[in-house]
Amino acid sequence: MSTPFYVSPQQAMADRAEYARKGIARGRSVVVLQYADGIVFVAENPSRALHKVSEIYDRIAFAAVGKYNEFENLRIGGVRYADLRGYTYDREDVTARGLANVYAQTLGTIFSSNAEKPYEVELIVAEVGAAPEEDQIYRLPHDGSIVDEHGSVAVGGNSDQIGTYMDQRHREGMSLGEALKLGAEALSRDSNGSERTLTAEQLEVAVLDRERPQRRKFKRVPAAQVARLLEETAAPEEGEDSSKE
């Protein structure tokens, strides 16, 4: 009689975590940065049909990397949760913290269950406040843990290198153009240290704009406006360099 193959619980969880991380690393990165008037989302995504960044509720947005069908199911579930809570109680009771807790429970349950594979996704849930200090950004890895982020955050691909690059250059009070340019520059850096040039058509950009008069603060930024913002931000820097010469 053959002896059953034994795998310790610690090894099984480590294998599941490694499986999920490899799947997430294959996806193109998404970065989220705070700027003076809100929060900007920048994703390397040439598709105009399959979005990595989406609106959840009035002041809340969602970004994800990994397997599209898995994070799309989570996005739809988040929208339903927000709509039901806002209808049952009050619109102000729908918060990024509450939504992050719901996602954490779902991801944690799936990750610890041996009946199905872990989700190959990493999420960001952000809420814009009335002032910059009230903004909330939460990162949720594949295992359902919650990380409270400030300033800037990157997920997917070579997120560690991208995150370090942004942390060294991000500052409070940046304009939308400055934050967008920093995000695009960070995404253009490959894991081997080389740099690429990303055009506006290759970027998916959206903002949570606290100055927007409508109740819904989420707004997508079209490619033409992205290109104009990048050019306007680059022009002063070129002028400064020429004046130094």
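The values are calculated or read from the model by the stated rules, or taken from the named source; none is laboratory data. Here the structure is a predicted model, which is why all the values come from computation and not from measurement. So basically every Cβ, Gly included, is an ideal-geometry build from the backbone, and we count neighbours across all protein chains shown. Side chains included, ligands, DNA and RNA excluded: accessible areas come from the protein's heavy atoms. Shrake-Rupley method; radii C 1.70, N 1.55, O 1.52, S 1.80 Å.
Could you check how many residues of region 94-139 are in contact with a helix residue (DSSP H, G or I) (Cβ under 6 Å, 6 or more places away or on another chain), in a helix (DSSP H, G or I) and open to solvent by 20 Å² or more (accessible area, probe 1.4 Å)?
1
Can you say whether residue 38 is touching a strand residue (DSSP E or B) at 6+ places or on another chain (Cβ under 7 Å) and modelled with pLDDT of 95 or more, as far as the supplied structure shows?
Spelling it out, residue 38 is indeed touching a strand residue (DSSP E or B) at 6+ places or on another chain (Cβ under 7 Å) and modelled with pLDDT of 95 or more.
So the check is Cβ under 8 Å with 6+ separation or different chains; which pairs have a first residue in region 93-114 that's among the β-branched types (Val, Ile, Thr) and a second one that's in a helix (DSSP H, G or I) and buried (at least 16 other Cβ atoms within 10 Å of the Cβ)?
94/82; 94/85; 102/78; 102/81; 106/74
Kindly provide the set of residues from region 31-60 that are in contact with a Phe, Trp or Tyr (Cβ under 7 Å, 6 or more places away or on another chain) and within 19 Å of residue 169 (Cβ to Cβ), ordered by number.
Matches in region 31-60: 32 only.
If you take the residues in region 41-87 that are in contact with a helix residue (DSSP H, G or I) (Cβ under 9 Å, 6 or more places away or on another chain) and hydroxyl-bearing (Ser, Thr, Tyr), which one is surrounded by the fewest Cβ atoms within 10 Å (Cβ to Cβ)?
Within region 41-87, the match that is surrounded by the fewest Cβ atoms within 10 Å (Cβ to Cβ) is 81.
Residue under question is residue 28, and the condition is that it be out of contact with any Ser or Thr (no Cβ under 8 Å at 6 or more places or on another chain), open to solvent by 30 Å² or more (accessible area, probe 1.4 Å) and not polar (S, T, N, Q); does it hold?
Yes, satisfied.
Filter the strands (runs of 3 or more DSSP E) completely within region 140-242 down to those with at least 3 residues that are open to solvent by less than 30 Å² (accessible area, probe 1.4 Å).
152-155, 203-209
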